[in-house]
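Take a look at the structure below.
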């Protein structure tokens with residue numbers, strides 16, 4: 001299995017790539033993830049932070065997480 005993850009938004013403007021970490025994939029069911037995805041959960045694939053590359057077109061939304069610390073979500077501006 002290739003540990004590299006590549007993808008992007010539907011219109012193709014935003015592209016990303018990175019390598020999977022040794023941590024397991026998981027689903028988050030917190031209220032923030034429900035609101036951000038419009039579903040009951042969000043799928044998470046942990047990546048090695050230093051390997052993550054995201055295109056410049058990404059728009060970022062900052063909010064305060066349950067821990068009181070800032071969290072960030074990225075979106076295609078289209």
Check: Is it the case that the range 51-70 has a residue that's within 17 Å of residue 7 (Cβ to Cβ), surrounded by fewer than 13 Cβ atoms within 10 Å (Cβ to Cβ), in contact with a strand residue (DSSP E or B) (Cβ under 6 Å, 6 or more places away or on another chain) and in contact (Cβ under 8 Å) with a residue 24 or more places away in the chain?
Finding: yes
Next item on the list: Could you list all residues from the range 22-46 that are surrounded by 10 or more Cβ atoms within 10 Å (Cβ to Cβ) and closer than 23 Å to residue 77 by Cα?
Entry: 32, 33, 34, 35, 36, 37, 39, 41, 42, 43, 44, 45
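Somewhere in the range 8-21, is a residue surrounded by fewer than 10 Cβ atoms within 10 Å (Cβ to Cβ) and either outside any loop (DSSP other than H, G, I, E, B) or without any contact (Cβ under 8 Å) to a residue 40 or more places away in the chain (or both)?
Let us first name the residues in the range 8-21 that are surrounded by fewer than 10 Cβ atoms within 10 Å (Cβ to Cβ), namely 10.
With the extra rule that they be either outside any loop (DSSP other than H, G, I, E, B) or without any contact (Cβ under 8 Å) to a residue 40 or more places away in the chain (or both), the set shrinks to none.
Looking through the range 8-21, none of the residues is surrounded by fewer than 10 Cβ atoms within 10 Å (Cβ to Cβ) and either outside any loop (DSSP other than H, G, I, E, B) or without any contact (Cβ under 8 Å) to a residue 40 or more places away in the chain (or both).
Bear in mind that the values in this text are calculations on the coordinates, not laboratory data. Keep in mind that what you see is a predicted model, and the values were worked out from it rather than measured. Note: ideal-geometry Cβ built from the backbone for every residue, glycine included; neighbour counts use all protein chains shown.
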